[in-house]
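Reviewing the structure listed below.
The values are calculated or read from the model by the stated rules, or taken from the named source; none is laboratory data. Keep in mind that what you see is a predicted model, and the values were worked out from it rather than measured. Note that we place each Cβ from the backbone using ideal geometry, even for glycine, and neighbour counts take in every protein chain shown. Keep in mind that these areas ignore ligands, DNA and RNA; they rest on the heavy atoms of the full protein, side chains included. Shrake-Rupley method; radii C 1.70, N 1.55, O 1.52, S 1.80 Å.
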Amino acid sequence: MAIGVIDGFVETGEVDFVKEFADVRPIIVICDLLGLPRAMASQFKIWADEYHELTTHYKFREFGADAHELALQKSAMEYHDYLVDAIEARRRVPTDDIISALANSTTDERLLDMTELLPLIKLLLIAGNETTARLISNSMLMLPGDPDQMAALRANRTMVTRMIDVALRLDGPVMWCNRCPAVDVGPGGVRFP
């Protein structure tokens with residue numbers, strides 16, 4: 001798969017690595033796993049990125065949408081409608097993919113409903129796409145700065161897993177994450193509301 005992505009830009013002799021490789025490969029893999037068409041990978045990337053922007057940047061704004069937020073909301077509805085159709089199709093005719101497995105999973109002797117399935121599938125598209133693309137990008141920034149490591153990786157490809165572990169530790173794609181406790185918590189008797 002990586003060769004196919006590289007074939008798309010190798011003739012030019014140069015590449016915007018993030019845009020043409022790091023952002024492309026993860027969404028293709030995620031589409032394959034979920035059972036979504038590869039031909040729509042760029043659209044899923046757009047929907048996932050715009051949905052992420054809508055739910056993170058606009059979440060805490062005052063009431064009153066601007067034109068950009070309205071466009072993000074329209075995109076989110078298209079994304080939502082597409083996934084609802086995909087889930088319903090997998091319930092009618094299951095295939096060998098994650099959406100089918102989730103769409104036909106039961107809990108308490110009932111199928112998961114759309115309010116349970118949609119956030120999970122959206123999260124898989126967003127989180128797997130964004131974090132993997134950033135990890136690939138960060139790793140490629142690190143390697144040229146350490147020619148000995150680059151040479152070692154070229155000589156022994158089994159070291160790639162270790163290199164990924166190091167890249168995650170030194171410059172991971174997610175450096176912080178907001179958490180809001182549901183109850184008062186705190187170490188050493190100091191309470192955080």
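In table form, for the structure just shown:
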{"quantity": "Residues (open to solvent by 60 Å² or more (accessible area, probe 1.4 Å) and either in contact with a Lys or Arg (Cβ under 7 Å, 6 or more places away or on another chain) or touching a residue at least 24 places away in the same chain (Cβ under 8 Å) (or both)) located in the range 83-102", "calculated": "95, 96, 98"}
{"quantity": "Residue pairs meeting the criteria (Cβ under 7 Å; at least 6 apart or on separate chains; first under 19 Å from residue 78 (Cβ atoms), in the range 112-126; second aromatic (Phe, Trp, Tyr) and open to solvent by less than 20 Å² (accessible area, probe 1.4 Å))", "calculated": "125/44"}
{"quantity": "Hey, residue 142 touching a residue at least 12 places away in the same chain (Cβ under 8 Å) and over 20 Å from residue 30 (Cα atoms) or not", "calculated": "yes"}
{"quantity": "Only one of 161, 132, 107 that is β-branched (Val, Ile, Thr) and open to solvent by 70 Å² or more (accessible area, probe 1.4 Å)", "calculated": "161"}
